[in-house]
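To keep things clear, I will list the structure first and then write my remarks on it.
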Amino acid sequence: MALIRVLCSGRGSKNGLSQVLNIMFQTLHIQDMVCPRCVRVVREDLEKLGVQVKHVELGLAEVTYDEREISLAQIAQVLEKNGFALLEDKDQQLIEQIKTELIQLVDQLEEKEHVNTSEYLSRQLGVNYPQLSRLFSHHEGLTIEKYLIQLKIMKVKEYLKYDQLSIKEIAYKLDYSSTAHLSRQFKDHTGMTLSDFKKENAI
């Protein structure tokens, strides 16, 4: 976060006097951004408020605004209307970064092939994995590994609903060692077989 006071003068200033603008440059850490649509919604909502949005991606937005006209509380309120939350606690920011990295990882597993999750997160976030693991488990009530499995199961459900890939192709895209491994993990977490879920939910 950076605050820059800009001295302005000239025709736009009342009675020709100088005015001071309190321009805030800030990276907002935002909870529950999980898809490209979230990026669009966050950008649109912030711009409607009068915030200049420099960049938005899952979990964060780089913005500029005049703190005399827009407060952080107003920004938080706008985000909450669409189910997002502004994160100011450093631990919560890091947890959201972990989630964001894992969401992106699941989308790219086919390209990356056999990723070591602990090494990947440590490299991406610049924090040793034991520290990330302890922090995540303490605040979320489950391990990073179990959260990753949840994300993969959600992605499997998505593929099954649209019925565009075979079970073998799904297993390959999500880096399962075999279709049997995928089938077993899916049933353990949903109580349903892949074929039963597909029959009941295909679009």
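Read-outs throughout are calculated quantities, based only on the coordinates presented, and are distinct from any laboratory measurement. If you're wondering where the values come from, they're calculated on a predicted model, not measured in any experiment. Cβ coordinates were reconstructed from backbone atoms using ideal geometry, including for glycine residues, and neighbour counts include every protein chain displayed.
Modelled label-to-label distance, Asn116 and Glu47, 7 Å Cα→beta-carbon offset: nm?
4.3 nm
Among Gln26, Phe186, Ile170, whose Cα projects farthest towards the positive end of the dipole of the chain, with charges put on the beta-carbon of Lys, Arg (+1) and Asp, Glu (-1)?
Result: Gln26.
Using modelled backbone amide H atoms (1.01 Å from N, in-plane), which distant-in-sequence or interchain residues come within less than 5 Å of Leu60's amide H?
Ile30
Describe numerically, in nm with one decimal, the distance between label points set 7 Å from Cα along Cα→Cβ at Thr64 and at Asn82.
Taking the simple label geometry, Thr64 and Asn82 are separated by 2.2 nm.
To test your reading of the geometry: what angle, between 0 and 90 degrees and rounded to tens, separates the Cα axis of helix 90-112 from the longest principal axis of the chain?
50 degrees
Would you work out the charge dipole size for segment 67-203 about its Cα centre, treating the Cβ of every Lys and Arg as +1 and the Cβ of every Asp and Glu as -1, and quote it to the nearest 20 debye?
Dipole magnitude for segment 67-203 comes out near 460 debye.
Which label belongs to the value computed from this structure, given these candidates for Rg and Dmax of the Cα atoms in Å: (i) 18.1, 59; (ii) 22.0, 77; (iii) 16.0, 44?
(ii)
So how tilted is helix 144-162 from the main axis of the chain? Cα-based, degrees 0 to 90, rounded to 10.
For helix 144-162, the angle is close to 80 degrees.
So, R0 is 45 Å and r is the distance between the beta-carbons of His55 and Ser178; what FRET efficiency does that work out to, to 0.05?
Here the calculated transfer efficiency is 0.65.
To the nearest Å, what is the center-to-center distance of segment 21-51 and segment 86-162, using C-alpha atoms only?
That distance is 22 Å.
If I fit a long axis through the Cα atoms of helix 179-190 and take the longest principal axis of the Cα atoms of the chain, what angle between them do I get, 0 to 90°, rounded to 10?
60 degrees
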